[in-house]
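The values are calculated or read from the model by the stated rules, or taken from the named source; none is laboratory data. Given the structure is predicted, the values throughout are model-derived calculations rather than measurements. In this analysis, Cβ positions are derived from the backbone assuming ideal geometry, glycine residues included, and neighbour counts consider all displayed protein chains. Heavy atoms of the whole protein, side chains included, go into the accessibility calculation; ligands, DNA and RNA do not. Shrake-Rupley method; radii C 1.70, N 1.55, O 1.52, S 1.80 Å.
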Amino acid sequence: MTSRPAAAQHLRDLVRLRRVRDRIDREYAQPLDVEALARGAHMSAGHLSREFRLAFGESPYSYLMTRRIERAMALLRRGDLSVTDVCFAVGCSSLGTFSTRFTELVGMPPSAYRRDAEGAMAGMPPCVAKQVTRPIRNREAPVTSRK
């Protein structure tokens with residue numbers, strides 16, 4: 001059985017972890033790294049990573065990249081920005097890393113997504129489009145071959 005002080009500490013840790021997650025949601029386009037997030041939560045980077053994974057099922061970095069890819073998908077659907085512009089607009093500093101992670105989560109490269117998705121959501125309410133196009137986490141998306 002857990003003691004009351006341990007249970008209270010666990011709740012305080014969950015509050016800090018939710019604040020970290022909220023910060024990632026707000027500042028996804030900023031240069032964030034696990035060390036900076038951990039400093040803001042008054043935790044070590046290793047402890048933050050372990051606790052975040054236990055609480056939310058993925059690492060803080062993975063969660064950050066998922067947020068960036070979600071925003072990138074919305075920008076690519078608009079069709080007025082290049083893949084490179086979208087990469088930098090969502091806070092990624094490497095086009096290669098962005099394209100690799102995008103392909104892992106979405107199942108196709110960003111250029112193919114941009115080409116295929118342009119206008120595909122026409123007439124669909126944004127709240128529905130967001131749910132329908134939400135990326136799959138943890139490398140679960142099937143990779144489609146392009147010819």
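The table below gives the values:
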read-out	value
Helices (runs of 4 or more DSSP H) contained entirely in region 90-133, each with at least 1 residues that are modelled with pLDDT under 85 and open to solvent by less than 50 Å² (accessible area, probe 1.4 Å)	110-117, 126-132
Residue, least open to solvent (accessible area, probe 1.4 Å), within region 1-39, restricted to residues that are of a type in the set (Gly, Ala, Ser) and under 19 Å from the mean Cα position of the chain (by Cα)	Ala38
Members of region 74-89 found to be open to solvent by less than 10 Å² (accessible area, probe 1.4 Å) and in contact (Cβ under 8 Å) with a residue 40 or more places away in the chain, listed by number	Leu76
Selection from region 65-85 of residues that are hydroxyl-bearing (Ser, Thr, Tyr) and outside any helix (DSSP H, G or I)	Ser82
Residue under evaluation Ala29, criteria (1) of a type in the set (Gly, Ala, Ser); (2) farther than 16 Å from Thr97 by Cβ; (3) not in a helix (DSSP H, G or I), criterion not met	(2)
